[in-house]
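Below you'll find the structure, written out as structure tokens, and then a few comments.
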Amino acid sequence: MNQVPIRNILGDFNPEMLGDPTEELLPFAACRTPVEVRAVLREAVEREVTAILDRIAELDAFDLIELIRMREFSIVPDPRLGPVDGASLPVEILAAILVSRPSRMLSDVPREATRPHEVIGELHERCMKLARMASYRLLTEGRLRAEPIARLASEYQGAVLNIRNLQYDHIRDNHDRALFATPIVRELMSSRLGYSYDDMLSIRTALTDISAERLTRLRDETGEIMSSHRDVHPAELPDEVAARFRQGMISLMFLPGDRAIISALDIAKAAGVAPGIASAVLSSFSQDFDSTASAGDRVFDLLTRENLFLTRPLIHDGEGGYVLTSNDIGLDILRRLFERSLAANSTDVRRYDQKARQPVSESLTIKYLEAVLGTKAWRVAYHYMAPKKQAHIDALGPQAEDLRSSSDEVEGDALFIVDDVAIIVEVKAKAIADQARRGDVKRLTNDLKATIRHGAEKDRASPFAYRAKRRVLGARRAVGGLESRARNTQRRSPP
């Protein structure tokens, strides 16, 4: 049997049908205000979404999602074999259009009579066009806004829009494991979300393993038929063999929607968790079909405000089945999901901050800096004297008589001394607000100012402060004599 190239199976499409990307940029050049910029993008969204809706009216939502996933991502473990132009955003744009339906299918046309693979190439190109225009919109708005930080806000929102899995896996996993393994977080996560970090990890792995096992089995079954009948003309294949091959190829590459569905019971069994826990995890990361918002509104919001698929990458069919869109569950979102479950300014928030977030963030920061600098921190969680806001720094010098009236005792997270250089570390772990992630220039400005100002206020001591505290208070943890160390021209290791 002749093998059909995957690109042909998934639908060839001439990108010239959609014009030159340069022409997509030209409408933005005439814009003079951010409102005009958004109007250009909105018009493009309505035009392309209308065209996509017309092409997919008779097609099953889950067939389309799995087929475009196969178009954008490698279906084998080696990422080098994936499409060179693959991306997550086209999958999410198409999924946003599809979840605006009331259910998987809108048409009475039998699913077996449809050919969704033939439109995937066109859907990819139309979604990529919208992705490009969304980036043009961000850059143009950044140029037009008067605020100094507007360009940074646009670039930041562009990163949120286009980049998935923002951290190296081992760094993210180490951080999450340290944070979510603390007793206070285990307690709060179980009571607030209904599952533990280990439950979520087991279910994430089960989702991947089940999908991989199904793909591998169909690949091996169809490959074995082709191999064992390589010398047989297709017309001469036994009916039973031909039917098995045909059904395997349909499930693998032509109508893969049912193959992509994973039930909560499948997950519970594979992950070794109770069905209720599996349902709780899957519900945390899933969306339902909902026709109350139009496809155009959903896509425009995804491109300009909030991409719900970053937090909820699963789609629920309403009958206990789930399919994955782009990201695996819990990537770059689990901490924010957990923190949102805690009531603002509550006792739980303070317990979490003091007993989990702060110590974990500080210990990991120190660990990484020790690796980078090649030396252990000289002091950790140390105390020193810092001048009061109205006090002059000289009031903390070696001749100071009344430190209490001119200074405050404050805590530093870590102090490194490398040769004659002192590196003061103040760890900040506050997340950027959702409004800032959506491109709100004012909120991003305020968040950055607050973080930098708070850190600067805590680090307002001079080297004199360390010596003064040691001399006057006799505190062993304080650091002394930095001013004499700085004058010493000989480079030597700290004591």
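For Lys367, what accessible area in Å² do you get when you roll a 1.4 Å probe over the heavy atoms of the protein chains, rounding to the nearest 10?
It works out to around 120 Å².
At a Förster radius of 35 Å, what calculated FRET efficiency corresponds to the Cβ-Cβ distance of Asn174 and Arg351, to the nearest 0.05?
Efficiency computed from Cβ-Cβ geometry: 0.90.
Per residue, how large is the accessible surface of segment 381-448? Use a 1.4 angstrom probe and give square angstrom.
Normalised by residue count, the accessible surface of segment 381-448 is 50 Å².
At 1.4 Å probe size, what's the solvent-accessible area of Tyr136? Round to the nearest 10 Å².
40 Å²
Whole-Hz Karplus ³J(HN,Hα) for segment 251-266, in order, using 6.51 cos²θ - 1.76 cosθ + 1.60 and θ = phi - 60°, x for Gly and Pro?
3J(HN,Hα) across segment 251-266, in whole Hz: 5, 6, 9, 10, 10, x, x, 5, 5, 7, 6, 10, 8, 4, 5, 4.
Ignoring solvent entirely, what values of log10 I(q)/I(0) come out of the Debye formula for segment 395-440 at 0.14, 0.16, 0.22, 0.30 Å⁻¹ when each Cα is a single scatterer?
Cα-only, vacuum Debye calculation for segment 395-440: -0.68, -0.76, -0.90, -1.00.
What's the carbon and sulfur percent of segment 223-314's accessible surface, probe 1.4 angstrom, rounded to a whole number?
Solvent-exposed carbon and sulfur of segment 223-314 make up 53 percent of the total.
Can you tell me the equivalent ellipsoid semi-axes for segment 320-433? Use √(5λ) from the Cα gyration tensor, largest first, whole Å.
Working from the Cα gyration tensor, I get semi-axes of 39, 21, 11 Å.
Let me check something: with ligands and nucleic acids excluded, how do Phe254, Phe309 order by accessible area (1.4 Å probe), largest to smallest?
The ordering from most to least exposed comes out as Phe254, Phe309.
In units of 2.2 N^0.38 Å, what is the alpha-carbon radius of gyration of segment 294-345?
1.35
Please give the per residue accessible area of segment 155-278, computed with a probe of 1.4 Å over protein heavy atoms only, in Å².
For segment 155-278, the solvent-accessible area averages 53 Å² per residue.
Per the 1.4 Å probe, what fraction of the accessible area of segment 409-454, in percent, lies on carbon and sulfur atoms?
With neighbouring chains kept in place, the figure for segment 409-454 is 51 percent.
Label points 7 Å out from Cα along the Cβ direction at Leu373 and Glu46: separation in nm?
Reported label-point gap for Leu373 and Glu46 is 5.8 nm.
Report, to the nearest whole %, how much of the accessible area of segment 44-189 belongs to carbon and sulfur atoms, 1.4 Å probe, protein only.
The nonpolar share, carbon plus sulfur, comes to 55 percent.
Could you report the accessible area of Arg132 in Å², rounded to 10, computed with a 1.4 Å probe on the protein chains as they sit in the structure?
Using a 1.4 Å probe on the heavy atoms, I get roughly 60 Å².
The values are calculated or read from the model by the stated rules, or taken from the named source; none is laboratory data. The shown structure was predicted, so the numbers you read here are calculated from the model rather than taken from an experiment. Counting neighbours? That spans all protein chains shown, and the Cβs are built from the backbone with ideal geometry, glycine included. When the accessible area is computed, the model is the full protein with side chains, heavy atoms only, and any ligands, DNA or RNA have been set aside. Shrake-Rupley method; radii C 1.70, N 1.55, O 1.52, S 1.80 Å.
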